[in-house]
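Visitor: Starting off with a structure, shown below.
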Amino acid sequence: QIAEPGDVVLSIHITSKLSGTYNSALLAAAELKNAPFDVIPFDSLTGAAVEGYMACEARIMERQGTSVEEIIERLEEIRDNNEVIFALDTLTFAQKSGRVRKVQVIAASLLRVKPIIALNEGMLDIIAKVRTRKTSLEYVIQEVHERIGHQPLNAAVMHAHDVIAASEFAEKVKKILDCKNIFIEEVSTGIAANLGPGTLGLVAYPALGEIF
C-alpha cells in the first residue's frame, strides 16, 4: 500500500466513453470509502498524451502545495480545451473496432479516402475526408492551428509504429504551431488496434507554466 492516512489518490483515466476503466475506478473507490485516505477517479474524456500531460501538471501542482480542488479545476480546464486529431491511412481497422461512429465509417470507406478522426467529448468522430496522405497531415496541423493555435501549446505527435514519419511530422508541427513542449510517442496497443498502422496524430492544449 502506497497511500498514507490522510492522503488523496487522484487517478486520471482514459475517456469513459471508449473504455470501462473509469467506471471500474469508481467501483474501487466506493469499496475504499472507509479507508483512511480518499480516492478520486477523474474522467479525462480523452486519451493518448493528454493524460500524460494531465498527470505531469497535477504532480507539479501537488508539489507546489496546490489543493486537490484547484488541481481538479486545472484538469477540467485541460479536458475542455484539448485537441486530439488523427490521420488514418485506412478505415479498415476503425470499421472493425466499432469505436468510430458506424454511419461515418461506411460513408468514408465507400469513397476510399484518407479519414481525419478527432476525439470530441470523449467519442471518436470523422471530421474530414481527404484524398492523399500529405493532405491529411496538413489538415491535422491546420485544424489544431485554427482551434487553439493562437497561443503557446503543449503538444505531442502520436504514431502507430512509424517513428520516422512521426519525426518528420513533428518538425512540420513546430514550424506552424508555437509549441512550448512537444514530444513523440507511440500510441497504445489499443489505439493502434482500433485505428490501424500508419496512423499519425497530433495532441495539443494551451500551455500554462513549465512542465519539463
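Every number here is computed from the coordinates shown, using simple stated rules; none is lab data. The shown structure was predicted, so the numbers you read here are calculated from the model rather than taken from an experiment. FYI the Cβ positions are ideal-geometry reconstructions off the backbone, even for glycines, and counts take in every protein chain you see.
Visitor: Please compute the length gained on full extension between ILE2 and HIS161, using 0.36 nm multiplied by the number of residues separating them and subtracting their Cα-Cα distance. Don't skip to the answer; put the middle values down first.
Guide: On the way: separation 159, 0.36 × 159 = 57.24 nm, distance 3.43 nm.
The span from ILE2 to HIS161 would gain 53.8 nm if fully extended.
Visitor: Which whole-Hz ³J(HN,Hα) couplings does region 187-196 yield from phi under the Karplus relation 6.51 cos²θ - 1.76 cosθ + 1.60, θ = phi - 60°, glycine and proline marked x?
Guide: 5, 5, 4, x, 5, 4, 5, 7, 9, x
Visitor: How would MET123, MET158, MET54 line up from fewest to most surrounding beta-carbon atoms within 10 angstrom? Could you put the intermediate results ahead of the total?
Guide: Details: MET123 14, MET158 26, MET54 22.
Ranking MET123, MET158, MET54 by Cβ neighbours within 10 Å, fewest first, gives MET123, MET54, MET158.
Visitor: What nm value, rounded to one decimal, do you get for the distance between ASP125 and ALA35 when each label is placed 7 Å out toward the C-beta?
Guide: In this crude spin-label approximation the distance works out to 3.7 nm.
Visitor: For region 9-17, in order, what is each residue's ³J(HN,Hα) by Karplus, 6.51 cos²θ - 1.76 cosθ + 1.60 with θ = phi - 60°, in whole Hz (x at glycine and Pro)?
Guide: Taking θ as phi minus 60°, the curve returns 9, 9, 10, 9, 10, 4, 3, 5, 7 Hz for region 9-17.
Visitor: Quick one: if you stick a label point 7 Å off each Cα along the C-beta vector at ILE72 and GLN151, how many nm between them?
Guide: Once both label points are built, they end up 2.3 nm from each other.
Visitor: On C-alpha positions alone, give me the angle between the axis of helix 163-176 and the longest principal axis of the chain, in degrees, nearest 10.
Guide: Helix 163-176 sits at roughly 90 degrees to that axis.
Visitor: Once a ≥ b ≥ c are taken as the square roots of the eigenvalues of the Cα gyration tensor of region 1-41, is the result rounded (a/c under 1.5), prolate (a/b larger than b/c) or oblate (a/b not larger than b/c)?
Guide: Values: a/c = 3.34, a/b = 2.09, b/c = 1.60.
Because a/c hits 1.5 or more and a/b exceeds b/c, region 1-41 counts as prolate.
Visitor: Check which residues have an amide H placed less than 5 Å from ILE40's amide H, if you skip close sequence neighbours.
Guide: When sequence neighbours closer than 5 places are left aside, the close amide H contacts are VAL9, LEU10, SER11.
Visitor: Under 1.5 on a/c is rounded, so check that first for region 8-79, then, if it is not, pick prolate when a/b is larger than b/c and oblate when it is not; a ≥ b ≥ c are the square roots of the alpha carbon gyration tensor eigenvalues. List each step's numbers first, then the result.
Guide: Numbers: a/c = 2.35, a/b = 1.06, b/c = 2.22.
Because a/c hits 1.5 or more and a/b fails to exceed b/c, region 8-79 counts as oblate.
Visitor: Choose one answer from VAL50, VAL173, VAL113: the residue with the largest mean-square fluctuation in a GNM of the chain with alpha-carbon springs under 10 Å.
Guide: Among VAL50, VAL173, VAL113, the largest mean-square fluctuation in the Gaussian network model of the chain belongs to VAL113.
Visitor: Under a no-solvent Debye model with one identical scatterer per Cα of region 83-206, what's log10 I(q)/I(0) at q = 0.16, 0.21 Å⁻¹?
Guide: Here log10 of I(q) over I(0) equals -0.70, -1.20.
Visitor: Where does the Debye-calculated log10 I(q)/I(0) of the chain sit at q = 0.16, 0.17, 0.18, 0.19 Å⁻¹, using only Cα point scatterers of equal weight, no solvent?
Guide: -1.06, -1.16, -1.26, -1.36
Visitor: Next up: Quick one: Karplus J couplings for region 118-125, per residue in order, coefficients 6.51, -1.76, 1.60, θ = phi - 60°, nearest Hz, x for Gly and Pro?
Guide: 10, 8, 10, 6, x, 10, 8, 10
Visitor: Could you work out [θ]222 nm for the chain from helices alone, using -39500 (n - 2.57) per DSSP H run of at least four and dividing by all its residues? Round to the nearest 500 deg cm²/dmol. Kindly include the intermediate steps, with their values, before the conclusion.
Guide: Details: 8 runs with 92 residues, N = 212.
So the calculated ellipticity at 222 nm is -13500 deg cm²/dmol.
Visitor: Same structure again: When the chain is treated as a GNM, springs tying every alpha-carbon pair under 10 Å, which of LEU177, LEU75, LEU27 comes out with the largest mean-square fluctuation?
Guide: Taking springs between Cα atoms under 10 Å, the residue moving most is LEU27.
Visitor: For a Förster distance of 35 Å, can you work out the FRET efficiency between the beta-carbons of ARG59 and ARG133, rounded to the nearest 0.05?
Guide: Working: r = 37 Å, r/R0 = 1.06.
Once the sixth-power term is evaluated, E becomes 0.40.
Visitor: Taking only Cα atoms, what is the 0 to 90° angle, nearest 10, from helix 21-31's long axis to the longest principal axis of the chain?
Guide: Orientation of helix 21-31: about 10 degrees from the principal axis.
Visitor: Now a separate question. What is the angle, in °, between the Cα long axis of helix 102-111 and the longest principal axis of the Cα atoms in the chain? Nearest 10 is fine, range 0 to 90.
Guide: For helix 102-111, the angle is close to 30 degrees.
Visitor: Another question, then. Among GLY201, GLY65, GLY149, determine the one that fluctuates most according to a GNM of the chain built with springs between C-alpha atoms less than 10 Å apart.
Guide: Answer for the Gaussian network model of the chain: GLY65.
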